[in-house]
Amino acid sequence: MSSAELYINLANICSNWNALNRLSNGSAGAVVKANAYGLGIKEVGISLAKAGARDFFVAVAEEGMQLRQALGQGPKIYVFSGHMTGDTPLIKNFDLIPLINSAEQLLFHVENSSNQMIGIQLDTGMNRLGMECAEYEALKDIITQLNPELIMSHLACADETSNPMNERQLNYFNEITNNINCRKSLAATGGILLGKQYHFDMTRPGIGLYGGKPYSSSKNVVKLKLPVIQIRTVLAGETVGYSNTWTAKKTTKVATLNSGYADGIFRCMSNKAMLYYNEIPCSIIGRISMDLIGVDVSNCKEDPDSLWLLNDKQEIDDLAYDANSIGYEILTALGNRYNRIYI
Ligand SMILES: *Cc1c(COP(=O)(O)O)cnc(C)c1O
């Protein structure tokens, strides 16, 4: 058995959701797009529903279908990309709520499945997804008649607490949605931490559920253990890996581990990131290959049979730092070859 083991702590995901739900003025939904940030939409969805989550968010209708099949009827499932051509059967059969992003989508929805609930996504300045204010004003009567389940927008700079963009978007959102009687949502994880005025009726945490920044009090969710396949002694002057990017300065014990960039261990972490043997940090040496990495285990008392890339000492954001990236990217890149173990 040489495949790496990815431990996913569902109890900690639920505990993070509970904490963010308590922090929220209204209730917290749960964002489970991209296979629940790579951790398994089915397992994560079922656990969160048991913990009390009633509103789920996915990126596309196909993810909504998978989630509905796991959850059964009851919880609401919102689709960020709205109602696209080809989505109609999924929206109807799996009872999804498209978050309508444009006049075209609204028209398409009314023509194809007008008795299916909708939400509205507004663009309040990020210029990524959602109706422009003028478009919304022009359609307001129709939208009001359709009695939307939710009206939402998304903050562009919520992880920077003092960025004036946050307040600009907040004021804009308040202004536009002032006289519509429906549930409202503006805050993702970062927005929850900005304060109650950002919460409205529902918050939409994603990364905070999975142990990532900016929610620094989250519980760690993932641990990743990589098996050692071989250990050798490399003498001073010898090199390790493709292109000889690492040269031994002294006799070094090198372990070869069975994972690489095909598993989400980014090549730019070569000669940078650490793995752990109990408390002992061990450096990645040489280039990361597709399926293999070399690690200096000279400091370990005995020959390790596995090392940890993610654990309570090195969480997703610590590792992301070595890749000039963010915890979100580390999680969503976690490879399909890992043996996923839910605890
Ligand atoms: C991804 C996403 C979220 C969740 O964001 P986090 O930063 O992971 O909490 C919420 N709302 C929208 C529109 C998103 O795209």
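The values are calculated or read from the model by the stated rules, or taken from the named source; none is laboratory data. Keep in mind that this is a model prediction, so the values were computed, not measured. Note: ideal-geometry Cβ built from the backbone for every residue, glycine included; neighbour counts use all protein chains shown. To get the accessible areas, we keep the full protein, side chains included, count just its heavy atoms, and leave off ligands, DNA and RNA. Shrake-Rupley method; radii C 1.70, N 1.55, O 1.52, S 1.80 Å.
Can you give the FRET efficiency to the nearest 0.05 for Met165 and Leu235, using r as the Cβ-Cβ distance and R₀ = 51 Å?
Plugging the Cβ-Cβ distance into 1/(1 + (r/R0)^6) gives 0.35.
Just the number please: accessible area per residue for segment 250-314, 1.4 Å probe, all protein chains included, in Å².
It amounts to 44 Å² per residue over segment 250-314.
Could you check which residue among Ala255, Ala156, Ala236 shows the biggest mean-square fluctuation in a GNM of the chain with a 10 Å Cα cutoff?
Ala236
Within segment 222-342, what whole-number % of the accessible surface is contributed by carbon and sulfur, with the 1.4 Å probe and all protein chains included in the calculation?
46
Given charges of +1 on the Cβ of Lys and Arg and -1 on the Cβ of Asp and Glu, with all other atoms neutral, how large is the dipole of the chain about its Cα centre, in debye to the nearest 20?
Using only the charged Cβ atoms, the result is roughly 860 debye.
Once both axes come from the Cα atoms, what is the angle between helix 164-177 and the longest principal axis of the chain, in degrees from 0 to 90, rounded to 10?
Between the helix axis and the principal axis of the chain, the angle is about 30 degrees.
Put a dot 7 Å past each Cα toward the Cβ at Thr85 and Glu149; how far apart are the dots in nm?
Output for this residue pair reads 2.6 nm.
At a Förster radius of 45 Å, what calculated FRET efficiency corresponds to the Cβ-Cβ distance of Ile341 and Ser216, to the nearest 0.05?
0.95
Give me the percent of the accessible area of segment 10-210 that comes from carbon and sulfur atoms, probe 1.4 Å, all protein chains in place.
For segment 10-210, the apolar C and S fraction of the accessible surface comes to 49 percent.
Springs between alpha-carbon pairs under 10 angstrom, Gaussian network model over the chain: which of Thr144, Thr189, Thr332 fluctuates most?
Thr144
Mind pulling the angle between the C-alpha long axis of helix 61-71 and the longest principal axis of the chain? Nearest 10 degrees, somewhere in 0 to 90.
Tilt relative to the chain: about 80 degrees.
Around Asp201, what is the net charge, scoring Lys/Arg as +1 and Asp/Glu as -1 over all other residues with Cβ under 9 Å from its Cβ?
With Lys, Arg at +1 and Asp, Glu at -1, the neighbours total +2.
Keeping every protein chain present and rolling a 1.4 Å probe, give me the accessible area per residue for segment 10-210 in Å².
For segment 10-210, the solvent-accessible area averages 41 Å² per residue.
Find out how many positive minus negative residues lie around Ser24, taking Lys and Arg as positive, Asp and Glu as negative, among other residues whose Cβ is under 14 Å from that of Ser24.
Residues near Ser24 contribute +4 overall.
Against the longest alpha carbon principal axis of the chain, how many degrees, from 0 to 90 and to the nearest 10, is the axis of helix 41-51 turned?
It is inclined by approximately 70 degrees.
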